[in-house]
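Only one structure is covered here, and it is reproduced in the block below.
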Amino acid sequence: MERKITSSLSIDDSEIEMQAIRAQGAGGQNVNKVSSAIHLRFDINASSLPEAIKSTLLSARDKRVTTDGVFVLKAQNYRTQEQNKDDAIERLLHWIKAATIKQKPRKPTRVSRAAKARRVDAKKLRGVKKSLRKKVDI
C-alpha cells in the first residue's frame, strides 16, 4: 500500500519495518502480557525518496536517525497495537513532509541610525541620573 506524503511524493509500506514490543510504564498485569508498542524502522538510504529529500533527512540533527541512516521510532502512546501502528506511520510521514518544506532565507537587517541615536541618548540620561546620586562636596 502506498502512503501519500505530498501530492507527488509517497512511500510504499514495504519500505517501513514494524515490530511489536512491550510498552513501558504503568498498565497493571496487562502490560506484561501484551506487546502493544510499535518499533518502526525506516531505512532512508534504501527508500524510494528523491535524493534531495534523502540528504535533507540524513543531515537533520535528529537523534532518531542512526549512523547507518535508519530512522527508528517507538510508538507507545495508545493501549492497542493498531492505534500505535497508525500513530507511528503518521509521525514518520509528518517527519518526511517537514523535510520537503524549504525554509526561506533570512534577510539580515540593520539597526537604523535613529534607533542608535535613541540608545545613546538613553545611556547619557542614565549616566546623568547616576551622577546626581553622588555625594555633594561643600
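Derivation of every value follows stated rules applied to the coordinates shown; laboratory data play no part. Just so you know, these numbers come straight off a predicted model, no measurement behind them. Because the Cβ atoms are built from the backbone with ideal geometry, glycine has one as well, and the counts that use them run over all protein chains shown.
Applying the Karplus relation 6.51 cos²θ - 1.76 cosθ + 1.60 with θ = phi - 60° to region 57-63 yields 3J(HN,Hα) values of 5, 6, 7, 5, 7, 10, 5 Hz, where x marks Gly and Pro.
Summarising the label geometry, the points placed 7 Å from Cα in the beta-carbon direction at Arg41 and Arg79 lie 3.1 nm from one another.
The distance between label points at Thr67 and Lys135 comes to 6.7 nm (points 7 Å beyond Cα on the Cα→Cβ vector). Near Lys123, which lysines are there with a Cα under 20 Å away, not counting those fewer than 8 places off in the same chain? List returned: Lys134. Normalising the average separation of contacting C-alpha pairs (under 8 angstrom, six or more residues apart) by the number of residues puts the relative contact order of region 2-100 at 29 percent.
Hey, if you put +1 on the Cβ of every Lys and Arg and -1 on every Asp and Glu Cβ in the chain, which of Ile21, Pro105, Leu57 ends up farthest toward the positive end of that dipole? In the chain, that residue is Pro105. Partner lysines whose Cα lies under 24 Å from the Cα of Lys130, excluding those fewer than 8 positions away in the same chain, are identified as Lys116. Could you give P(r) for region 13-138, binned at 5 Å from zero, as whole percent values over all Cα-Cα pairs? Distribution as computed: 2, 9, 13, 12, 10, 8, 6, 5, 4, 4, 5, 6, 6, 5, 3, 1, 1, 0, 0 percent. The helix-only estimate of mean residue ellipticity at 222 nm for the chain, built from DSSP H runs of length n ≥ 4 each weighted as -39500 (n - 2.57), is -11500 deg cm²/dmol after division by the residue total. Spin-label model, Thr6 to Lys116: label points 7 Å out along the Cα-to-beta-carbon direction sit 4.2 nm apart. Ranking of Ile96, Ile21, Ile138 by neighbouring Cβ atoms within 10 Å, starting from the fewest: Ile138, Ile21, Ile96.
Total lysine pairs in region 2-100 at Cα distances under 24 Å, for residues eight or more apart or on different chains: 16. Residues Phe42, Phe71, ranked from the fewest to the most other C-beta atoms within 10 Å, line up as Phe71, Phe42.
Put a plus charge on the Cβ of each Lys and Arg, a minus charge on the Cβ of each Asp and Glu, and nothing anywhere else: the dipole of the chain about its Cα centre is then about 2520 debye.
Please give the net charge around Ile16, taking every other residue with its beta carbon less than 11 angstrom from that of Ile16, where Lys and Arg add +1 and Asp and Glu add -1. Around Ile16, the surrounding residues sum to -2.
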